[in-house]
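Bear in mind that the values in this text are calculations on the coordinates, not laboratory data. Since we're looking at a predicted model, the values are computed, not measured. When we count neighbours, we look across all protein chains shown, and the Cβ atoms used for this are built from the backbone with ideal geometry, even at glycine.
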Amino acid sequence: MALTDPKGRLISVSGVSRVSVSTTVAVPATTDYAAEDVLSDSASAGTSWTFSNVVAEEGGSGTIVNALCICQTTQVTHRPTLYLYNVVPTSNLNDNAGNAAPSWTDRAGYIGKITFPALSDKGGATETEVNPGSGGLPKPFVCGVTLRDIYGILITEDAITAESAGHSYLINLLIDQN
């Protein structure tokens, strides 16, 4: 996705290729979430969040310079945290289950985490954003040797009682590819 300014002109940075990568997950949300629960696509067979083609070549590197989290449901004001990996993590991935990330088993692929401020509701979907200098950004990373993707586990730092079954979360990462 090309970035443009308000007049539609292409934004480029000399020597750096900037990409925007998004992933959307619908969470089951069958019951209230406790603090530090996982937000995933299934309560019994959850999968990690996959951010595809974040680098141009297998095993490439980059830096996450901005992160945006949007929740489809209004009045949800918890603080999300995204744990990132350069390989698919084996930690607990099931929705509404207690977080186990980062696990010792996944330490070799662990990139770090992005800590979002609380989601804010201004009448539409709720959202939160992390910019350089906050929440753990910028976040440099190197993909797995044969991979162009990075993977995440999203958790809530706070209990959620305004959830809605099947509501979706979108996470967008703005990445400078090396």
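Things worth noting here:
- Backbone N within the stretch 60-88 under 17 Å of label point (7 Å from SER17 Cα along the Cβ vector): 60-65
- Karplus-derived 3J(HN,Hα), 6.51/-1.76/1.60, for each residue of the stretch 99-105, Hz, glycine and proline x: 5, 10, 8, x, 8, 4, 4
- 12 Å cut-off, amide nitrogen to a point 7 angstrom out along VAL142 Cα→Cβ, residues in the stretch 56-85: 59-62
- Taking each residue as 0.36 nm, the span from GLU36 to SER103 lengthens on full extension beyond its C-alpha to C-alpha distance by 22.7 nm.
- 3J(HN,Hα) from dihedral phi, the stretch 164-178, Karplus parametrisation 6.51/-1.76/1.60, rounded to Hz, x for glycine, proline: 9, 3, x, 5, 10, 10, 10, 10, 10, 10, 9, 10, 8, 7, 8
- Residues LEU154, LEU147 in ascending order of nearby Cβ atoms (within 10 Å, fewest first): LEU147, LEU154.
- Taking 0.36 nm per residue of separation and subtracting the current Cα-Cα distance, fully stretching the chain between SER134 and ALA43 would add 29.6 nm.
- In a DSSP loop and with at most 10 other Cβ atoms within 10 Å, the GluC sites (Glu not before Pro) in the stretch 46-140 are GLU57.
- Dimensions of the chain from C-alpha coordinates, computed as largest minus smallest value along each principal axis and given longest first, are 48, 42, 25 Å.
- With neighbours defined as other Cβ atoms within 10 Å of a residue's Cβ, the residues THR81, THR47 order from fewest to most as THR47, THR81.
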